Amino acid sequence: LAKSQFVYTLRAAEGGGPYIVSFSQSLREEKAMISDETLCWGTEKSCIREIFEYGLRRKAELGEDKVFDFSLGNPSVPAPPEVRAAILRALDDPTVHGYTVAPGRVSLREKIAGELNGRCGSRLGPEDIYVTCGAAAALASAMKGLTRPGEEVVALAPYFPEYAVFARGAGARFLSCPLRSADLQLDPAALEGVLTEKTAVVLVNSPNNPSGAVLNAESLGTLAEVMERAERRFGHPIYLVSDEPYRELVYEGATAESPLRYYDDTIVCYSWSKSLSLPGERVGYFAVSDRAAGRREIYASMAGAARAYGYVNPPSLMQRVAEDCVGLAPDLEAYRKNRAALCEALDAAGFSYIRPDGAFYLFIRSPEPDAKAFSLRAREHGLLLVPSDDFGVGGFVRAAYCVAPEVIERAGPAFAALAGEYGIT
């Protein structure tokens with residue numbers, strides 16, 4: 001069979017059965033000149049989405065009370081009332097739906113700069129801020145603007161799977177560096193070992209998706225020291241891109257500091273999706289440190305990448321809303337209660353996990369080496385948990401606890417039954 005005529009799919013059957021090979025007519029015609037790589041990205045579902053869609057089917061078959069879906073990080077807490085008020089105020093202006101300048105409203109960028117300066121001790125101005133369609137657009141613009149083809153992007157693992165797509169889409173090579181498995185703090189020796197003369201970017205996400213871990217001040221300080229030594233050793237900048245959409249979602253005893261305070265060559269990428277429960281509205285920004293060498297060229301290169309991708313003039317209405325809500329603290333009580341309830345259920349069942357200090361995710365240790373097999377076994381009990389392999393590490397499953405409280409309450413017996421199959425007490 002000619003490659004240009006068919007797409008071949010090889011997947012493992014559920015439950016660890018024999019492999020299944022399926023053939024489907026390709027969208028490619030003989031004369032169609034398209035990218036095999038982007039075709040793969042466009043046709044291959046993420047593990048998270050596959051499990052979520054499986055859950056929708058099972059709920060239709062069995063009833064919602066029989067399926068405990070911890071797959072998707074979709075905020076369950078309503079947007080704060082200030083968001084609604086800001087929308088209504090903005091709608092009173094007949095020009096609200098018109099274009100803004102490409103980097104976003106100057107008044108919004110001034111507020112963002114002021115908030116970052118107050119929190120991080122920086123001296124940013126609106127000219128250092130570029131408003132984007134969410135953190136994804138900021139990250140993709142960073143990968144394209146900060147790398148040249150063949151250079152390397154290193155993500156601290158576990159990491160959000162789309163990082164690899166953003167890096168490879170820019171023509172860069174994507175690598176990962178594991179955090180310490182015991183507590184998910186920085187392993188400096190591991191990072192030293194992965195940085196090379198081709199390293200252009202290190203990606204960090206704290207509070208972390210998928211684990212909820214928060215890098216402490218010691219880890220951030222050491223991260224800066226390791227990267228500064230690497231810059232001197234290789235004779236060129238290595239940019240630290242900090243993905244911070246969960247920074248307001250931290251719990252007692254934890255502080256989510258930004259690397260912007262520690263490392264000169266830092267770029268912050270942010271979204272209001274999680275703090276304001278606005279994931280579908282797609283508004284965020286990138287900020288280039290005022291201490292970065294060549295900060296104007298860095299900003300211009302990332303702005304040029306945003307232009308090339310079509311990431312200009314994000315939704316005008318949501319820019320107005322963001323401007324009114326910069327620095328607004330979310331109500332964390334619902335997530336705090338859910339975290340406590342899920343930890344209680346896991347403790348009762350005997351599972352081991354890394355207690356999360358932020359975000360709304362929890363990393364459960366798999367009782368068998370194959371986390372995917374454990375995830376499939378959990379499905380048999382209605383528990384939808386995402387295996388950690390797609391996050392760059394093995395041996396865990398992710399549970400997103402941004403769900404209705406009754407989901408966690410009903411899931412307790414299912415966790416106990418699953419633990420019983422593994423002889424956990």
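The values are calculated or read from the model by the stated rules, or taken from the named source; none is laboratory data. All values derive from a computational prediction rather than experimental measurement. FYI the Cβ positions are ideal-geometry reconstructions off the backbone, even for glycines, and counts take in every protein chain you see. Keep in mind that these areas ignore ligands, DNA and RNA; they rest on the heavy atoms of the full protein, side chains included. Shrake-Rupley method; radii C 1.70, N 1.55, O 1.52, S 1.80 Å.
Table for the structure above
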{"quantity": "Surface accessible to a 1.4 Å probe, residue 236 within the full protein complex, Å²", "calculated": "50"}
{"quantity": "Diffusion coefficient, µm² s⁻¹, Stokes-Einstein with Kirkwood Rh over alpha-carbon pairs of segment 183-246 at 25 °C and 0.890 mPa s", "calculated": "199"}
{"quantity": "Heavy-atom SASA rank of 99, 263 (probe 1.4 Å, accessible area, largest first)", "calculated": "99, 263"}
{"quantity": "Segment 186-278, relative contact order in percent, only Cα pairs under 8 angstrom and at least six apart counted", "calculated": "31"}
{"quantity": "Area of residue 68 that stays accessible when all protein chains are in place (1.4 Å probe, Å², to 10)", "calculated": "20"}
{"quantity": "Volume per residue of the C-alpha convex hull in segment 108-242, rounded to whole Å³", "calculated": "118"}
{"quantity": "Two-decimal Rg to Rh for the chain - Kirkwood Rh, Cα set", "calculated": "0.97"}
{"quantity": "Taking all pairs of distinct alpha-carbon atoms in segment 279-425, Kirkwood radius in angstrom", "calculated": "18.6"}
{"quantity": "Segment 31-137 - percent relative contact order, Cα under 8 Å, separation 6 or more", "calculated": "15"}
{"quantity": "Estimated dipole of segment 192-253 in Debye, rounded to 20 [Cβ of Lys and Arg +1, of Asp and Glu -1, Cα centre]", "calculated": "260"}
{"quantity": "Fraction of accessible area attributable to carbon and sulfur, segment 93-236 (%, probe 1.4 Å)", "calculated": "53"}
{"quantity": "Segment 254-337: radius of gyration and largest Cα-Cα distance (Dmax), Å", "calculated": "15.2, 46"}
{"quantity": "Percent antiparallel among DSSP beta bridges (both partners in the chain, rounded to 5)", "calculated": "55"}
{"quantity": "Sequence of 324, 92 from largest to smallest accessible area, 1.4 Å probe", "calculated": "92, 324"}
{"quantity": "Segment 342-425, Rg to Rh (Cα coordinates; Rh as Kirkwood inverse mean 1/r)", "calculated": "0.92"}
